[in-house]
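Below: one structure, written as structure tokens.
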Amino acid sequence: MLDYILTAFLPVVMLIILIYGSKRDDSGTFFFSKDYTTMLKGVCCIFIVIGHTPIEYKNAVQDMLSSFGYVRVTLFFMMTGYGISLCADRKTGYMKSFWRNRLASLLIPGLLVNVAAFFIHRLTTGQFDPRDFIFIDPYISVLLQYYIFFFIVYHGKKFYGETAGNIILVVGVIVSSLLDYMLSAPDSRAWPYERMGLVWGILLYFNYKPIKRFVMPRLWNVFTFLAISFVLGLMYLHFKTVYFWGEYLLKVVLGAVIVTLIFILSSGRVWGNKALSFFGDIYYEVFLSHMLIIGLVKSLIPGLSSGQFILTVAALTIIFSAAIHYIGKPIIAMCRTKKAKPLAAARDGGSTAS
């Protein structure tokens with residue numbers, strides 16, 4: 001029972017942080033603004049740690065919280081797909097400095113985590129492993145693939161137009177998702193279901209107005225998507241081991257439905273406070289470092305109970321990730337070019353964020 005209480009403590013605290021200071025969005029401009037996406041990242045942040053708890057430390061509450069953990073990664077990819085499309089459309093000079101800025105933001109935190117991993121592995125195993133320095137997280141790998149694809153398609157739009165370019169982006173991501181699922185071994189797949197979030201992000205940006213109108217909370221869409229999520233969720237728990245139809249297609253559809261429900265439940269309010277912004281700012285470092293901290297705690301304190309293990313890993317991951325974030329922030333700033341100026345006339349959508 002104590003393990004259940006300790007595990008539930010984390011989402012309860014995050015819920016309190018989320019609610020604190022929230023208010024109704026009378027202007028209707030907060031949805032998918034930079035502060036809105038920071039809020040989403042902050043809420044998802046702690047569930048990254050819970051979702052990857054080793055099997056020997058799992059418990060019923062942890063299992064329940066992590067069953068649909070892939071949705072948070074879908075959201076991360078969605079924000080990337082949306083943000084890059086928005087910035088390329090709205091900011092002059094964005095594509096000229098695309099690689100310098102994107103690689104700085106993506107790789108510097110990864111390199112800092114790799115350096116820390118080298119010393120931590122040296123401490124816990126006594127071995128020298130130079131591969132720690134060149135490790136590329138699968139999340140980074142998928143983003144790099146998309147950056148290359150987006151860059152090529154963007155510069156090809158002068159030949160085939162914007163609409164065709166957007167179709168190519170969507171189809172390309174879908175094909176990459178299917179290929180990764182069908183051609184890779186289950187233990188080596190690189191986010192085949194979650195990377196579909198890139199598609200949802202592209203579609204959200206280029207259909208922002210109608211989608212925003214649709215997700216404004218009303219009784220009919222709240223209850224409709226709650227019911228659909230419940231039915232699909234039960235189906236997924238039953239059929240999730242069925243090749244393709246249950247394991248892939250149902251999972252992708254359920255992810256899209258849950259994301260839509262999240263938008264419906266959150267789009268009518270302004271969310272945010274200093275604590276939530278803090279968690280949103282370090283979410284990427286948490287994503288990169290949590291498995292390293294899990295391994296460290298397993299090695300140094302193996303006798304912890306399930307709840308104690310989860311709380312310890314969460315606390316150490318937050319501290320470690322914050323340190324990586326604030327060390328890397330000035331380095332990233334030095335490597336990036338100056339911020340591009342927004343275009344005078346741009347597509348109607350949320351505020352710029354990439």
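A few notes on this one:
- Selection from region 198-215 of residues that are open to solvent by less than 10 Å² (accessible area, probe 1.4 Å) and in contact with a Leu (Cβ under 6 Å, 6 or more places away or on another chain): ILE202, TYR205
- Identity of the residue in region 1-57, part of a loop (DSSP other than H, G, I, E, B) and among the β-branched types (Val, Ile, Thr), that ends up surrounded by the fewest Cβ atoms within 10 Å (Cβ to Cβ): THR29
Residue-wise test of (1) outside any helix (DSSP H, G or I); (2) surrounded by fewer than 20 Cβ atoms within 10 Å (Cβ to Cβ); (3) charged (D, E, K, R).
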position: MET78; (1), (2), (3): no, no, no
position: TYR82; (1), (2), (3): no, no, no
position: ARG100; (1), (2), (3): no, yes, yes
position: SER105; (1), (2), (3): no, yes, no
position: ALA117; (1), (2), (3): no, no, no
position: THR124; (1), (2), (3): no, yes, no
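- Test: residue in region 315-335 that is over 20 Å from the mean Cα position of the chain (by Cα), of a type outside the set (A, V, I, L, M) and open to solvent by less than 50 Å² (accessible area, probe 1.4 Å): no
- Matching entry among ARG195, ARG131, ARG189 (being open to solvent by 70 Å² or more (accessible area, probe 1.4 Å) and out of contact with any Pro (no Cβ under 7 Å at 6 or more places or on another chain)): ARG131
The values are calculated or read from the model by the stated rules, or taken from the named source; none is laboratory data. Keep in mind that this is a model prediction, so the values were computed, not measured. Cβ atoms come from the backbone with ideal geometry, glycine included; neighbour counts cover every protein chain shown. To get the accessible areas, we keep the full protein, side chains included, count just its heavy atoms, and leave off ligands, DNA and RNA. Shrake-Rupley method; radii C 1.70, N 1.55, O 1.52, S 1.80 Å.
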